[in-house]
Amino acid sequence: MKNILIPTDFSFCARNAIQYAIDCFGHKEVQYYFLNTYEQVSSSATMMVSLIDRMREDSVNGLKNEVDYFQNILPNTAKPIISLTEYGALRNVLSKKVVDNNIDFVVVGTKGADGFDKFITGSNASDLIRAVNCPLIIVPENHRFIKIRTIGFAADFERIMNHSVSNSIDSFLQDFDSQLVVVNIRKEGEELDLEKGAARVNLHSLFKGKRFMVSNIENKNIVEGINNFGKDYDIDLLVMLARKHGFFESIFRKSITKEIAMMGELPLIIINE
């Protein structure tokens, strides 16, 4: 059984993320949760109570419309979609709901490359990523689900000891009989040291019995290297690790420009190791 949680603000972008999730995970042995959060930043006490009541009503009604719409798309044998509405900041509510409902994947939508830029450089983006203790799938607004033939795993070949990383990727490798390409982007002239090279042995342990290959790419710009990797290997889904002081933060610390367009066009899975 997979538990899939999808935050929604009832926008086209959010609805596309829901459709992507349904097309990707299907309906057999899958439980979908739709989440809408609301909060009032500042107001007088009397007005706040009134606004919160109205916001909750809008949230409940909006979720009902989304649930009704997608439940009609799903086969009759699908489990009923569960709607979750709660007052509070999304990152705080999401963190709690993931634990309470044993969520396997969270799926969110972004508005293409520009939206991806705003998402990861926003004041709450890092908090949101860190708050989700399960793989986070980011779906560009204009991306429609296609069979996942090749999965790219962008890593810096630091030791990967957490098997939850391989478990998350295994789910897609098994469901779609996909090929995995693990890529290491290093600066031009930088040698692959013994510690990072040893990670290859660990990869064989983690992905034993799976079809995968390892690619080394030299590029002075990590983002550009990932872009080229995505194009060269025709990647359908890109996986990255959210590790402190690691590869992920070396990219997400800085402002992302148009050179990240490839990552803004591809669905991206962020695994918080």
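Observations on the model:
- Between the beta carbons of Asn76 and Asp9, assuming R0 = 25 Å, the FRET efficiency works out to 0.30 to the nearest 0.05.
- Distance (nanometres) between label positions extended 7 Å along Cα→Cβ at Ile217 and Tyr69: 3.5
- Fully extending the segment from His27 to Phe145 would add 41.0 nm, taking 0.36 nm per residue of separation and subtracting the current Cα-Cα distance.
- Each of Asp170, Asp234 was scored by other Cβ atoms within 10 Å of its Cβ. Listed from fewest to most, they are Asp234, Asp170.
Read-outs: derived from the displayed coordinates by stated rules, not from any lab. What you see is a predicted model, and the numbers here were worked out from it, not measured in a lab. Every residue, glycine among them, receives a Cβ derived from its backbone with ideal geometry; neighbour counts consider all protein chains shown.
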